[in-house]
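This report concerns only the one structure given below.
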Amino acid sequence: MGCSKNLENQKPLNEQFSFLAGLVAAVLSAAFGANAVAIKMSLLGIGPFTAAGLRLTMASVAILLWARSTGRTLRVDKEQVRTLVVMSLLFTIQLSLLYLGISRTNASRATLIINIDPFLILILAHFFIKGDTITSKKLLGIVMAFSGVALVFLQKEGVT
């Protein structure tokens with residue numbers, strides 16, 4: 001409750017972001033946008049569930065190596081086991097369905113679907129973050145972006 005109360009009293013500080021911060025955000029967006037392309041490329045030789053399983057395995061090994069190299073333990077308390085199992089199952093299902101969905105469309109559509117969060121964030125921030133209202137500039141930007149998304153989805157090829 002204390003955290004949400006602090007958010008209510010804060011105004012957005014968009015004017016404080018520098019050009020460098022914007023550039024870093026753009027580079028990160030491009031890298032994250034390449035995720036669907038990388039997944040699509042991994043599906044050329046193996047099935048979607050195998051590719052998802054390999055990704056989970058590689059991530060698990062990376063976490064294990066990080067924990068070992070930093071001296072951290074991965075021990076789980078008894079009261080955490082149930083939550084960990086449920087979260088692991090949900091994540092496995094989510095990742096498997098992501099790979100299955102990407103295997104059935106082209107990379108540009110997959111990237112758009114994966115990155116639909118700006119639309120959701122604009123709407124949710126308007127209702128839940130005081131001072132973060134939908135302005136005419138934001139509305140124009142989101143309409144332009146959504147128009148681009150609509151144009152990509154009007155194309156029929158690449159969907160199986």
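The condition of being farther than 23 Å from residue 100 by Cα and β-branched (Val, Ile, Thr) holds for only one of 85, 81, 37, that being 81. State which residue is surrounded by the most Cβ atoms within 10 Å (Cβ to Cβ) when the search covers only segment 104-133 and only residues that are basic (Lys, Arg) and under 25 Å from residue 151 (Cβ atoms). The selected residue is 109. Of the residues that make up segment 32-47, is at least one basic (Lys, Arg) and either touching a residue at least 60 places away in the same chain (Cβ under 8 Å) or in contact with a Cys (Cβ under 8 Å, 6 or more places away or on another chain) (or both)? Yes: segment 32-47 contains one or more residues that are basic (Lys, Arg) and either touching a residue at least 60 places away in the same chain (Cβ under 8 Å) or in contact with a Cys (Cβ under 8 Å, 6 or more places away or on another chain) (or both).
Entry remark, segment 36-47: residues being under 16 Å from residue 114 (Cα atoms) and touching a helix residue (DSSP H, G or I) at 6+ places or on another chain (Cβ under 7 Å) number 4 in total.
Taken together, the values in this text are just the output of simple stated rules run on the coordinates, not laboratory data. Just so it is clear, the structure is predicted and the values come from calculations on it, not from any experiment. In this analysis, Cβ positions are derived from the backbone assuming ideal geometry, glycine residues included, and neighbour counts consider all displayed protein chains.
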